[in-house]
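Read the structure below first, then the notes.
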Amino acid sequence: ETAKPQVVAMPWASPEDGALAQVAAAWHGTLKSVEGAPKSRNALCRFACEASPELRGTTAAERAEVCMWQSWAARLRRGEALATLDSVLRFKSYLVGERLTVADVAVYLACASAMAAIDWVGYTSAARWFDQVQRELRRRSPSASLPDLVDARIPLNVVGPVAAPVAREKKPVAAPPAPPAPLAEKKKKTKAKAEKAPKQTAPPAEKTEDPAALFAALDVRVGQIVDVWKHQEADKLWCEKIDLGEAEPRSIASGLRAFYEDEAALRGRTVLVFANLKARTMQGFKSEGMVLCAANADHTEVKLLEVPPEAKPGDRVALQGVDNLEPATASQVQKKKLLEKVLPHLHTNAEGVACCGDKPFLLPAGQVVAPLVDSPIS
């Protein structure tokens, strides 16, 4: 493990691709015959980081997170891993930062060897991450033998928000030293400070945010699917062109192929879209929004929200009794975590009406509904 492994000539797209893909390929046996190739997971990760230091993270905070996940992978417990990953990845694309790192590879490899025949029901965020990592490694290393861990029937919720960026560290600026005080004055101040009664401070009040007020800054609009086709590499993704009343239709990816198997069920359909999210690339396809759906508790049934027939592309959703604000920018939505704060409050009520808390969705043409009642919306 201490010897530097031989680099094998392979058709990688970049040095970084080669580093990650050789890690995955070596661990699954395709490089076992190469003299000097590392065999342990830690050695493989070190090999990847030597080839491309950015895989360890680009800031001190990211590098610390990568080390934490590598340690976690080394002592992974099957009973706890799935729930932990699902919780951490609910609003993140990758474990550290906004791009694939050696932390993702290390945890993926540990889980691949420890979790056979996993029951993914109820763990859609972890399933989405596993599928994304294994497909990205396949793209970078077509010859690698990688296991399929994700059940094709599980929705992957691949159009959620991107991971929040890690703030870069700022070096503190030292204040100029104060001039030395006379010894007698120092003693006087010390005595006065000791005699002073401790200041009573009330505990800070817990800050609560009204989800309806946060929703008013989100841009939820009516869109019409004008074209739809299957993603060439991801068998759970539909690629769509959606008219939102703008100059050009938007490109949006939706992980709905397990629930809408035919293009005809989607082409021409009117849907609701989160329109002020940051664009993100999913399996090589740039997605510029998020289509809203209702799902039952175990995510075995997922249905698109339904808008009134008179609704037009570009119509914006408001909440009953709440005035919409000027839509926040995509950067503001990400920085303030508006979507993450609002999503837990979105659901259909007992009549199937889409709501945020107790306030129904309203369009100029009427209410928004779904075939599933008392179900979360995402």
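Coordinate-derived values only; no laboratory data. Just so it is clear, the model here is predicted, and its values are computed rather than measured. FYI the Cβ positions are ideal-geometry reconstructions off the backbone, even for glycines, and counts take in every protein chain you see.
Full extension of the chain segment joining Glu233 with Thr300 gains 21.8 nm, where the gain is 0.36 nm per residue of separation less the Cα-Cα distance. In this calculation the C-beta distance from Ala265 to Arg139 is compared with R0 = 35 Å, giving a FRET efficiency of 0.80.
Highest mean first, the peptides 124-132, 304-312 sorted by other C-beta atoms within 10 Å per residue fall in the order 124-132, 304-312.
Scattering from segment 247-370 was approximated by placing one identical point on each alpha carbon and applying the Debye formula without solvent; log10 I(q)/I(0) at 0.17, 0.18 1/Å stands at -1.06, -1.20. Using the Cβ-Cβ distance between Thr208 and Arg75 with R0 set to 56 Å, the FRET efficiency works out to roughly 0.90. Residues of segment 237-280 with backbone nitrogen within less than 20 Å of a virtual label 7 Å along the Cα-to-Cβ line of Ala61, please, listed as ranges. Counting only backbone N, you get 278.
When +1 charges are put on Lys and Arg Cβ atoms and -1 charges on Asp and Glu Cβ atoms, the dipole computed for segment 295-378 relative to its Cα centre reaches about 420 debye.
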